[in-house]
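Q: This is the structure I have questions about; it appears just below.
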Amino acid sequence: MAQSLSDSRAEDTRAVLVLADGRVFTGRAFGAVGQTFGEAVFTTGMTGYQETLTDPSYHRQIVVATAPQIGNTGWNDEDDESRDDRIWVAGFVIRDLSAAASSWRASGTLADALAEAGVVGIKGVDTRSVVRHLRNHGSINAGIFSGPAAERPHAELVAEVAAQPSMAGLELASEVTTERVYEVAPDGAERFTVVAYDMGIKSNTPRHLTRRGVRTVVVPANTPWEKAQEYHPDGVFISNGPGDPATADAMVEVARDVMAAGVPLFGICFGNQILGRALGLKTFKLKFGHRGLNVPVLNHRTGRIHITSQNHGFALQGKAGDQFDTPFGPASVTHTCLNDGTVEGVALDSGLAFSVQYHPEAAAGPHDAGEMFDQFIDVMAAKKAGSEHQEDN
């Protein structure tokens, strides 16, 4: 599907971005040359393109960058967010490609990294027009075609793009999750053991846990709770990931089993949608989603506002102030987005299970919400202390 070419050669290669509704945007190829398909989405982050491109949550998506120039800091050996340093995006759309990498950490260029990974990119696009179209009409199936593929009739390309499956209804976590269980040792003394369900987990998440003395056992998506219990976890974490949360029935059952067992549960992004479904809420597809590093979220329990990193195209149904009964006790909507009022967090009122829609691991992004990991530690500590007190009595 894609052919890797040097960027100097790719610069002279015509490319087109084709949307399923018939819009076509012209540009020049960069990275690999060929064709690719995915859902066109945009991210408002001014920095952090390497973390974005390697985030498994972007699987099967063509990412449009709103920042006018991309590639300034090159590509390095430290900032990949996928376990195997894989670039997960289906394609990348930018306006201007930086002529040089200007970071002492860079080990290569963005264009070379995309070419090596076989990821098709397009530059020289009027990304303002693309983003405005997606904002007005919603995220949509798209394709990038470069080289010989771009010379085909536009009507033929549009038809091929429109024939691709919609993101709604897709189960993708099984395509990005780890195939084997692995452990990340704690920094210093071990305080707790956490089983982390890899729905598309980012590398920085286990780092946050290990810095807090947590031995993190990462297990594949849909691992039955009975199997996860063999690791004697003090808590369970459910990660971010791609696809439609309405397809995550197996993980919803896992979340219910964890809550029934009284084990502390923390989820982010896809994990928030899974916990919400386990508590009885429904999900829906957002018009164009939240993707960027600057999304304001209000915590209704503390009154604090965090500027957050986000990447999601689905959300839980609900609104600020919602309280509802569940088989595991009363629960509430704890966070909402100040841009559009959508649900950004839910929790059992007991505090034993909670989740947020944004990314407190901040890779890339602001560090406002790192305290969510501290909250998880506090809940596990309280649960452990209560259990030890009961044993003493």
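The values are calculated or read from the model by the stated rules, or taken from the named source; none is laboratory data. Keep in mind the model is a prediction, meaning the values are calculated, not measured. Heads up, the Cβs are rebuilt from the backbone with ideal geometry, glycines too, and the neighbour counts pull from every protein chain shown. These accessible areas exclude ligands, DNA and RNA; they are computed on the full protein's heavy atoms, side chains included. Shrake-Rupley method; radii C 1.70, N 1.55, O 1.52, S 1.80 Å.
Q: Apply the Karplus curve 6.51 cos²θ - 1.76 cosθ + 1.60, θ = phi - 60°, to the phi angles in the stretch 221-228 and return the couplings in whole Hz, x for Gly and Pro.
A: Each residue of the stretch 221-228 in turn: 3, 6, 4, x, 4, 4, 6, 5 Hz.
Q: Same structure again: Could you count how many Lys pairs in the chain have their Cα atoms under 26 Å apart, skipping same-chain pairs fewer than 8 positions apart?
A: Number of lysine pairs found: 10.
Q: Here's another thing I want to ask about it. Principal axis extents for the stretch 177-272, Cα atoms only, whole Å, descending order, please.
A: Principal-axis extents of the Cα atoms in the stretch 177-272, largest first: 39, 27, 22 Å.
Q: OK, next. Give me the number: length gained by fully extending N339 to D85, i.e. 0.36 nm times residue separation minus the C-alpha to C-alpha distance, one decimal in nm.
A: Extra length from N339 to D85 when fully extended: 88.2 nm.
Q: Could you sort the peptides 367-377, 156-166 by per-residue average Cβ neighbour count (10 Å cutoff), highest mean leading?
A: Final packing ranking: 367-377, 156-166.
Q: In whole percent, how big is the carbon plus sulfur part of the accessible area of the stretch 179-273, probe 1.4 Å, protein atoms only?
A: 46 percent
Q: Can you work out the FRET efficiency for the pair K282 and S350, with r the C-beta to C-beta distance and R0 = 22 Å, to the nearest 0.05?
A: 0.45
Q: Still on this structure, please answer the following. Can you tell me what share of the DSSP beta bridges in the chain is antiparallel? A percent to the nearest 5 is fine.
A: 65 percent
Q: Taking a probe of 1.4 Å, how large is the accessible area per residue of the stretch 68-119, in Å²?
A: For the stretch 68-119, the per-residue accessible area is 49 Å².
Q: Follow-up question, since we're still on this one. In Å, the Kirkwood hydrodynamic radius of the stretch 39-148 over pairs of distinct alpha carbons?
A: About 14.1 Å, per the Kirkwood formula over Cα pairs.
Q: Can you divide the C-alpha Rg of the stretch 186-235 by 2.2 N^0.38 Å and report the result to two decimal places?
A: Normalised Rg, Cα atoms only: 1.11.
Q: Beyond 40 Å, how much of the Cα-Cα pair distribution for the chain remains, as a whole percent?
A: 17 percent
Q: Can you give the local net charge around P330? Use residues other than it whose beta-carbon is closer than 13 angstrom to its beta-carbon, Lys and Arg +1, Asp and Glu -1.
A: The answer is -3.
Q: About the Cα centre, and with charges only on the beta carbon of Lys, Arg (+1) and Asp, Glu (-1), how big is the dipole of the chain? Nearest 20 debye, please.
A: 1100 debye
Q: Between D126 and R304, what length in nm is gained on full extension when 0.36 nm per residue of separation is reduced by their alpha carbon distance?
A: Gain on stretching D126 to R304: 60.4 nm.
Q: Turning to a different aspect of this structure: Quote the relative contact order of the stretch 198-295 in percent (integer), defining contacts as alpha-carbon pairs under 8 Å separated by 6+ residues.
A: 28 percent
Q: Residues of the stretch 205-244 with the amide nitrogen closer than 19 Å to a label point 7 Å from the Cα of D187, along Cα-to-Cβ, please.
A: Label zone hits: 205-218.
Q: Go through the stretch 258-298 and name the chymotrypsin sites (Phe, Trp or Tyr not before Pro) that are in a DSSP coil and have 10 or fewer other Cβ atoms within 10 Å of their Cβ.
A: none
Q: Still on this structure: Distance in nm between label sites at E175 and H232, each 7 Å beyond Cα in the beta-carbon direction?
A: Distance between label points: 4.0 nm.
Q: I need the chymotrypsin sites (Phe, Trp or Tyr not before Pro) found in the stretch 64-138, filtered to DSSP loop residues with at most 13 other beta carbons within 10 Å of theirs.
A: W104
Q: Starting from the 7 Å offset along Cα-to-Cβ, what nm value, one decimal, do you get for the label separation of E156 and A100?
A: In this crude spin-label approximation the distance works out to 4.3 nm.
Q: Moving on to the next point. So what's the net charge close to A150: Lys and Arg +1, Asp and Glu -1, counting the other residues with Cβ under 13 Å from its Cβ?
A: -1
Q: Which of T302, T44, T336 ends up with the largest GNM mean-square fluctuation for the chain, with Cα atoms connected below 10 Å?
A: T302
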